[in-house]
Amino acid sequence: VVGKEDVDKIVKVFKENSTINFADYSEKSFIRRLEKILIDENCTIDDIVSKIETDNIYLNLIKNTITVNTTELFRDSEMWLNLKIPFKNYIKHKSELQIWHAGVSTGEELYSMKMFLQMIGYSENLTLIGTDLNDKVIELAKAGVYKNNIIADYIQNFDLVNNTFNYLDAIKLTDFANFNKATNKIEIKPSFKKDTDFFVLDLLNAEYNFQENFDIIMCRNVLIYFNLELQNKILNKFHNLLKPKGLLILGTHESIMPPIANKFKKTDGFYEKK
Ligand SMILES: C[S@@+](CC[C@H](N)C(=O)[O-])C[C@H]1O[C@@H](n2cnc3c(N)ncnc32)[C@H](O)[C@@H]1O
């Protein structure tokens, strides 16, 4: 069984050998991930610590295992449906949009956003940035190739959202992605990857260094892994990086507490910068 002292050992070895600070991660999920590593590798915490100290590739591997990367296309489709009207209102007078997905994992959330913008009729300039701490998921996001066992769920989620629109010309998932029969995978079309950019960024960094501020920041199911102090630090940075009246969208079970909450107007499912 993994205990607090084991967590401390891992946090310490990461601090000493990298810029990664797991100190303020929620202990529950951290412990669950460490237990999985111990079982998978049939080793002890001390084995992990000494290997991290000497092997940078292994350090990266453990870092990637500790982060939880669950995601899907149009995850929480209800949330996307709630965004229809506010997004339509927001884009009305916009000729360009800058959007950031913080903790984008394997990229489905960002591609969902791009599809969603087409559904609501936005066809002007667009920049979509996806970032994550985990370099492996960033590579997968760039590739945009998704496994067969999830395709049915993805189609279902896509249809759930897409079928609520009345189009003149129907939009289909195959407009954005190819179904590769040989590999049984779904592949985001290269042309659809235009305007997207994925790179590694640790949200615990002091500075984020973006060139421009954002119309929309989406950070779903990421803050839950941090303690409240850290959440507030990150939320403050999001606030600074939003354009006036820009929108912040968190996960379905995440919310902002005062005093930072006072800097936003909370509306159904999202936060608007005051
Ligand atoms: C559960 S996934 C959420 C993916 C997507 N936003 C969604 O809701 O479907 C959480 C992501 O946060 C990332 N993450 C964890 N700690 C991070 C940090 N310090 N900086 C940036 N990303 C981090 C993980 O690597 C993981 O990909």
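Couple of notes before you dig in:
- Taking the listed residues Phe87, Phe74, the one that is hydrophobic (A, V, I, L, M, F, W, C) and on the phi > 0 side of the Ramachandran plot is Phe74, with no other qualifying.
- Sole exception among (1) under 22 Å from Leu242 (Cα atoms); (2) aliphatic (A, V, I, L, M); (3) out of contact with any strand residue (DSSP E or B) (no Cβ under 9 Å at 6 or more places or on another chain); (4) buried (at least 20 other Cβ atoms within 10 Å of the Cβ) for Leu83, by number: (3)
- Within the range 223-235, residues that are in contact (Cβ under 8 Å) with a residue 24 or more places away in the chain and under 20 Å from Leu247 (Cα atoms) reach no partner that is among the charged types (D, E, K, R) and open to solvent by less than 20 Å² (accessible area, probe 1.4 Å) with beta carbons closer than 6 Å at six or more positions or on different chains.
- Only a single item in (1) in contact with an Asp or Glu (Cβ under 8 Å, 6 or more places away or on another chain); (2) open to solvent by 80 Å² or more (accessible area, probe 1.4 Å); (3) under 30 Å from Leu126 (Cβ atoms) is not met by Thr71, and it is number (2).
- Exclusive hit being touching a helix residue (DSSP H, G or I) at 6+ places or on another chain (Cβ under 6 Å) and either modelled with pLDDT of 95 or more or under 16 Å from Asp195 (Cβ atoms) (or both), set Thr127, Thr106, Thr54: Thr106
- Boolean, His253 is more than 16 Å from the ligand (Cβ to nearest atom) and under 29 Å from Leu140 (Cα atoms): no
- Residue count for the range 197-222, restricted to those that are under 29 Å from Asn89 (Cα atoms) and within 13 Å of the ligand (Cβ to nearest atom): 8
- When the test is whether a residue is over 20 Å from Phe192 (Cα atoms) and surrounded by fewer than 22 Cβ atoms within 10 Å (Cβ to Cβ), Asn163 passes it.
- Pair list, Cβ < 6 Å and 6+ apart or interchain, from the range 169-198 residues that are open to solvent by less than 80 Å² (accessible area, probe 1.4 Å) to residues that are aromatic (Phe, Trp, Tyr) and assigned to a strand (DSSP E or B): Ile186/Tyr146; Ile186/Phe179
- Tally of residues being within 16 Å of the ligand (Cβ to nearest atom), open to solvent by 10 Å² or more (accessible area, probe 1.4 Å) and in a loop (DSSP other than H, G, I, E, B) across the range 107-146: 1
- Contact annotation: residue pairs with Cβ atoms under 6 Å, 6 or more positions apart or on different chains, pairing a residue in the range 13-41 that is of a type in the set (Lys, Arg) with a partner that is open to solvent by less than 40 Å² (accessible area, probe 1.4 Å), are Arg33/Ile66.
- Among the residues of the range 88-104, the one identified as within 11 Å of the ligand (Cβ to nearest atom) and open to solvent by 10 Å² or more (accessible area, probe 1.4 Å) is Gly103.
The values are calculated or read from the model by the stated rules, or taken from the named source; none is laboratory data. This is a predicted model, so every value here is computed, not measured. Note: ideal-geometry Cβ built from the backbone for every residue, glycine included; neighbour counts use all protein chains shown. For the accessible areas, the whole protein counts, side chains as well, though only heavy atoms, and no ligand, DNA or RNA atoms are used. Shrake-Rupley method; radii C 1.70, N 1.55, O 1.52, S 1.80 Å.
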